[in-house]
Amino acid sequence: MKKDVCFCLTLILCLLLPGCSSEDMGNSPDDSLVEIHLSGGIGSEASVSTRGTGMINGTATWTAKLPVSFARADKATDYSSGYLGTPLSGNLNEAPTSGIAHAITFNPSAYYQADGKSSKLIGWYPSTGTFTQNNHIVAFSTDILDGSTDLMVTDLYEGSKSSTISSVTFNHLLTQISVRVYTESSTTATVWGNLTSITITGMKQSCTVTLPAASAAVTGGTEKVTAVFSGIEALPLVKQDPSDNSTISSSIELGVGSDNAVLAGYAMFAPQISGTSSENDIQLAVVTSVGGEHTATVSAPTGGFKAGYSYVVTLKFGATGITPSVSITDWVTSPDNPGEVDI
């Protein structure tokens with residue numbers, strides 16, 4: 001009777017775990033299970049951003065656990081069966097723990113295949129994207145990509161119980177800007193009044209991310225991930241300070257002089273990297289309490305507004321119009337800075 005009970009428990013355990021079959025029981029040279037333990041980081045010199053918590057500078061810690069998902073494919077003779085229908089769910093820890101840099105914990109726990117065959121993983125943030133198995137896409141709605149939410153994916157990784165995956169890197173798919181405003185003099189400030197809103201024309205969009213096929217090679221990086229953005233609605237700036245996530249007033253008094261430029265907000269949106277440089281320019285709709293609505297055209301630097309890059313757009317409110325300028329800030333350093341443009 002005890003032998004029968006033991007057999008039943010072993011059978012139930014195998015049925016609950018990926019990659020385990022009746023042929024595995026007792027036939028593998030090592031039937032022990034190996035849990036998938038990963039640590040994660042953010043690509044390049046980038047900071048990370050969580051939904052509603054802004055652009056957090058630095059990679060050492062962030063303010064909360066990042067909910068992430070991973071598509072998984074298990075090798076049989078090959079990977080022709082594709083990804084499993086249900087992604088793995090986990091959290092990327094906000095700080096190193098027990099000597100592990102930003103551990104990723106899965107709930108429920110995930111294990112490599114018991115028979116020793118390989119598995120592939122590819123992850124994304126935020127986890128609220130909708131995964132479709134048959135065409136291996138992850139869809140993100142305009143409600144998710146709200147300007148305060150980053151969008152990141154990893155490369156495709158492969159590992160097994162004897163050759164585990166130790167760490168993964170999340171790479172940014174969005175660009176980001178923060179906007180600062182000032183005026184030439186106190187006299188000019190009265191002509192404009194307070195800043196009441198800034199929106200980025202056409203940049204409130206949804207995104208469809210196509211993952212590489214499960215059979216794809218694991219080398220080569222994220223060029224195998226494609227991101228297609230759609231939508232033409234205006235994207236309002238997030239009324240927060242990205243350095244500490246404090247709330248910014250809805251009505252902003254313009255700073256007087258460039259040294260006193262005032263932060264008006266920030267946003268993350270689709271990169272603008274067309275081969276035609278003029279198509280990479282972005283349009284800001286600027287509304288002030290006295291001056292009304294004006295449009296400012298922000299010329300893109302060489303190569304466009306790139307994924308993983310952060311830009312500071314400074315708007316000078318002069319006597320005859322608004323003059324925007326752009327500089328690169330802390331995500332990625334670049335020498336390609338556009339000059340000022342009069343409108």
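For Gly202, the residues whose modelled amide H falls within less than 5 Å of its own, excluding neighbours fewer than 5 places apart on the same chain, are Ala234, Leu235.
Here the spin labels are modelled as points 7 Å beyond Cα on the Cα-Cβ line, and at Ile273 and Val290 they lie 4.3 nm apart. Using a cut-off of 20 Å between Cα atoms, the listed pairs Lys204/Lys316; Lys65/Lys239; Lys75/Lys161 include Lys204/Lys316; Lys65/Lys239 as exceeding that distance. If the segment from Ser258 to Asp146 were pulled out straight at 0.36 nm per residue, it would be longer than the present Cα-Cα gap by 37.4 nm.
Below 11 angstrom from the Cβ of Pro236, what's the summed charge of the other residues (Lys, Arg +1; Asp, Glu -1)?
Surrounding charge for Pro236 is 0.
Taking all protein chains together and rolling a 1.4 Å probe, His37 ends up with roughly 120 Å² accessible.
Here region 137-287 is treated as a sphere whose radius is the Kirkwood value from Cα pairs; by Stokes-Einstein at 37 °C and 0.692 mPa s it diffuses with a coefficient of 182 µm²/s. Net length available on complete extension from Thr86 to Ser206 is 41.0 nm, with 0.36 nm assigned per residue and the Cα-Cα distance removed.
Express in nm, to one decimal, how much length is gained between Thr164 and Ile248 on full extension, taking 0.36 nm for each residue of separation and deducting their alpha carbon distance.
Length gained, Thr164 through Ile248: 25.7 nm.
On the basis of the beta-carbon distance and an R0 of 41 Å, Val228 and Val34 show a calculated FRET efficiency of 0.65.
Relative to the 2.2 N^0.38 Å rule of thumb, region 160-239 has a C-alpha radius of gyration ratio of 1.86. For region 247-333, the convex hull spanned by the alpha carbon atoms encloses 121 Å³ per residue.
Mean projected area of the convex hull spanned by the Cα atoms of region 199-343, taken over all viewing directions: 10.8 nm².
The values are calculated or read from the model by the stated rules, or taken from the named source; none is laboratory data. Please read all numbers here as calculations on a predicted model, not as lab measurements. Using ideal geometry, Cβ is built from the backbone for each residue, glycine included, and neighbour counts are taken over all protein chains shown. Note: areas computed on protein heavy atoms with side chains; ligands, DNA, RNA excluded. Shrake-Rupley method; radii C 1.70, N 1.55, O 1.52, S 1.80 Å.
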